[in-house]
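Visitor: Quick one: structure below, then a few questions.
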Amino acid sequence: MTQLVYIENGKTVTDSLTVAETFGKRHADVMRSIVHMECSAEFTERNFALSTYADPSGRSLPRYIITQDGFSFLAMGFTGKEAARFKEMYIREFGRMAQLNKPAAGGVQAILQATQNLLNSQLIITERMEDVERRLDNEITLTSGQQRTLQQAVAKRVCSVESDKDSRRPMFQQLYREIKDRWQVASYKDVRKIDLQDALAYVAAWVPIQREGA
């Protein structure tokens with residue numbers, strides 16, 4: 001069976017859909033009973049809040065969120081042995097949930113302090129994670145895929161400035177040497193991830209030494 005009573009916005013409530021299911025009634029009939037109850041508009045507004053739920057097909061349909069007082073008024077019209085048993089179940093469940101929802105002496109302040117402590121802890125953890133990420137960005141070298149990207153950029157640039165295939169080898173050596181010198185690494189593979197875009201830009205603008213001034 002669906003949970004009879006639950007906490008919503010700090011209040012102990014049930015809803016018309018749950019009431020209909022529990023008492024074996026059509027939801028439309030329960031909704032109609034609520035609409036036609038002979039109580040004041042103030043009582044209705046305070047104890048029956050119109051809401052919605054999604055049915056199995058995804059449609060948004062109306063339902064009422066009902067307080068304990070609202071349920072008591074509504075259930076007065078439910079008669080029979082089974083109805084009496086369900087009323088008793090609801091009364092017990094409203095009482096149990098009310099106790100769970102009732103903070104102990106000083107409880108509100110304790111909850112607020114605990115919440116603040118949690119937020120402070122999360123802030124510290126977030127700052128530490130960001131610091132670790134910054135350090136990693138400064139230390140992690142290129143992945144195999146990024147190494148391939150840099151290789152392809154070098155090949156494309158060398159081929160664009162030298163049409164003679166046999167003359168390209170010293171240019172490859174020269175460009176790779178400049179990359180190592182510029183980023184102070186033993187191999188182009190050791191270029192840091194954060195420097196990849198700068199390295200690609202450098203390669204795209206690269207001019208061989210022997211062609212300078214040509």
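Nothing in this text is a laboratory measurement; each read-out follows from the coordinates by a stated rule. Quantities reported herein were computed from a predicted structural model and do not represent experimental measurements. Every residue, glycine among them, receives a Cβ derived from its backbone with ideal geometry; neighbour counts consider all protein chains shown.
Visitor: Modelling each spin label as a point 7 Å along the Cα-to-Cβ direction, I'd like the Gln99/Ala28 distance in nm, to one decimal.
Guide: 4.1 nm
Visitor: Which GluC sites (Glu not before Pro) does region 38-97 hold that lie in a coil by DSSP with at most 11 other beta carbons within 10 Å?
Guide: Sites meeting the loop and neighbour criteria: Glu38.
Visitor: If you don't mind, another one. Give the residue list of trypsin sites (Lys or Arg not before Pro) in region 1-57 that are DSSP loop and have at most 13 other beta-carbon atoms within 10 angstrom.
Guide: For trypsin sites (Lys or Arg not before Pro) across region 1-57 that sit outside H, G, I, E and B with at most 13 neighbouring Cβ atoms in 10 Å, the list reads Arg26.
Visitor: Would you mind counting up the charge near Tyr6? Only other residues with Cβ under 12 Å from its Cβ, with Lys and Arg at +1 and Asp and Glu at -1.
Guide: With Lys, Arg at +1 and Asp, Glu at -1, the net is -1.
Visitor: Quick one: what are the phi-derived ³J(HN,Hα) couplings along region 20-32, Karplus 6.51/-1.76/1.60 with θ = phi - 60°, whole Hz, x for glycine and proline?
Guide: 4, 5, 5, 8, x, 10, 6, 4, 4, 6, 5, 4, 5
Visitor: OK, next. Around Asn47, with a cut-off of 15 angstrom between Cβ atoms, what is the net charge of the other residues, counting Lys and Arg +1 and Asp and Glu -1?
Guide: With Lys, Arg at +1 and Asp, Glu at -1, the neighbours total -3.
Visitor: Moving on. Roughly how far apart, in whole Å, are the Cα centres of region 63-90 and region 156-214?
Guide: With region 63-90 and region 156-214 each reduced to a Cα centre, they are spaced 81 Å.
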